[in-house]
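Participant: Here it is, the structure in full.
Bear in mind that the values in this text are calculations on the coordinates, not laboratory data. If you're wondering where the values come from, they're calculated on a predicted model, not measured in any experiment. No Cβ is skipped: glycine too gets one built from the backbone with ideal geometry, and neighbour counts run over all protein chains shown.
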Amino acid sequence: LKRAIPSIEIRAAVNNDVEAIARLAGELGYPSTVAQVRARLDAIEGDAQQAAFVAEAPGGEVVGWIHLSQVCSLASDPRAEITGLVVDSGIRGAGVGGLLVERGETWAREIGLTTIGVHSNIMRERAHSFYMRLGYAVNKSQKVFRKTL
Ligand SMILES: CC(C)(COP(=O)(O)OP(=O)(O)OC[C@H]1O[C@@H](n2cnc3c(N)ncnc32)[C@H](O)[C@@H]1OP(=O)(O)O)[C@@H](O)C(=O)NCCC(=O)NCCS
C-alpha cells in the first residue's frame, strides 16, 4: 500500500482501547460514551461473526479502528461487511485506513468469506474514492429505512 506507515501496528481491539475508540466514533459522526463502546466491544469479542481491529501508533496511541460483521441472508451466501471504519483526522491520507481494510479483508478470508462490502453515506465522497482505490466497486444505491421500537 502506498505511503503506508511501517511503524503502525494493526491488532485486535481490546478493552483498554475503548476511550480512543469512543473518541474516534465521534469523529465518524457517531458520538458514543466509553460505557457504550465497552458494552459493544464485549459483544463483539464474544461473537465469532464480528471483529474489531485498531491501528496503534509507535507511542501507543490508537489512531484508527475498523469493525466488521458477517452478514447472513436467505437470498445470498454470507459475506463480510465493514460496519465501521475511521482514522484520526490528524493522520488521514497516510495509509492507515488501507492497512485497516487489508486486515479486515484477511479476517473475512480467515472465516471463509469470499465477498466483502461496505455501506457508505452518499456524503462521504473521499471515502468513496478510498474504497474504489482498494478495489471496491459500487454495487447499488439504496434508501435506508429505520423505525424506533
Ligand atoms: C476513509 C478513511 C477511513 C480513510 O483512511 P486514511 O487513513 O485516510 O486512508 P489512506 O491513507 O489509506 O488512503 C487515503 C485516501 O483516502 C481518501 N480519504 C478520505 N477521506 C480523507 C481525508 N479526510 N484525508 C485524506 N484522505 C482521505 C482519499 O481518497 C485518499 O486518497 P488520496 O490520498 O489519493 O486523496 C478516513 O479518511 C476517515 O476516517 N474518514 C472519515 C470517516 C469515514 O468516512 N469513514 C468511512 C465510513 S464508510
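Participant: On the basis of being of a type in the set (Gly, Ala, Ser) and away from the ligand (no atom under 12 Å from the Cβ), does Ala75 make the cut?
Facilitator: yes
Participant: A further question follows. Identify all residues within region 56-79 that are in contact with a Leu (Cβ under 7 Å, 6 or more places away or on another chain) and under 15 Å from Glu19 (Cβ atoms); write none if there are none.
Facilitator: Scanning region 56-79 gives Gly64, Trp65.
Participant: Also, quick follow-up: Looking only at region 1-52, count every residue that is part of a strand (DSSP E or B) and out of contact with any Leu (no Cβ under 6 Å at 6 or more places or on another chain) and tell me the total.
Facilitator: 5
Participant: I've got another one for you. Between Ala12, Ala94, Ala25, which is within 12 Å of the ligand (Cβ to nearest atom) and surrounded by fewer than 20 Cβ atoms within 10 Å (Cβ to Cβ)?
Facilitator: Just a single option satisfies the conditions, and that option is Ala94.
Participant: Considering region 114-149 alone, what residues qualify as being farther than 22 Å from Asp77 by Cβ and not in a loop (DSSP other than H, G, I, E, B)?
Facilitator: Glu125, Arg126, Ala127, His128, Ser129, Phe130, Met132, Arg133
Participant: Now for a different question. Cβ-Cβ below 7 Å, separation at least six or inter-chain, first residue in region 119-142 and touching a residue at least 12 places away in the same chain (Cβ under 8 Å), second in a helix (DSSP H, G or I): which pairs?
Facilitator: Phe130/Gly97; Leu134/Gly98; Leu134/Val101
Participant: Only one of these is near the ligand (Cβ under 7 Å from one of its atoms), within 12 Å of the chain's Cα centre (by Cα) and of a type in the set (Ser, Thr, Tyr): Ser69, Ser120. Name it.
Facilitator: Exactly one of Ser69, Ser120 is near the ligand (Cβ under 7 Å from one of its atoms), within 12 Å of the chain's Cα centre (by Cα) and of a type in the set (Ser, Thr, Tyr), namely Ser120.
Participant: Further question: I'd like the residue in region 61-84 that is assigned to a loop (DSSP other than H, G, I, E, B) and of a type in the set (A, V, I, L, M, F, W, C) and, out of all such residues, is nearest to Arg103 (Cα to Cα).
Facilitator: Per the criteria, the residue is Cys72.
Participant: Please enumerate the residues belonging to region 54-90 that are surrounded by 11 or more Cβ atoms within 10 Å (Cβ to Cβ), in contact (Cβ under 8 Å) with a residue 60 or more places away in the chain and farther than 16 Å from Ser120 by Cα.
Facilitator: Asp88
Participant: Residues in region 105-115: is at least one touching a helix residue (DSSP H, G or I) at 6+ places or on another chain (Cβ under 6 Å) and either of a type in the set (A, V, I, L, M) or within 22 Å of Ile10 (Cα to Cα) (or both)?
Facilitator: Within region 105-115, none of the residues are touching a helix residue (DSSP H, G or I) at 6+ places or on another chain (Cβ under 6 Å) and either of a type in the set (A, V, I, L, M) or within 22 Å of Ile10 (Cα to Cα) (or both).
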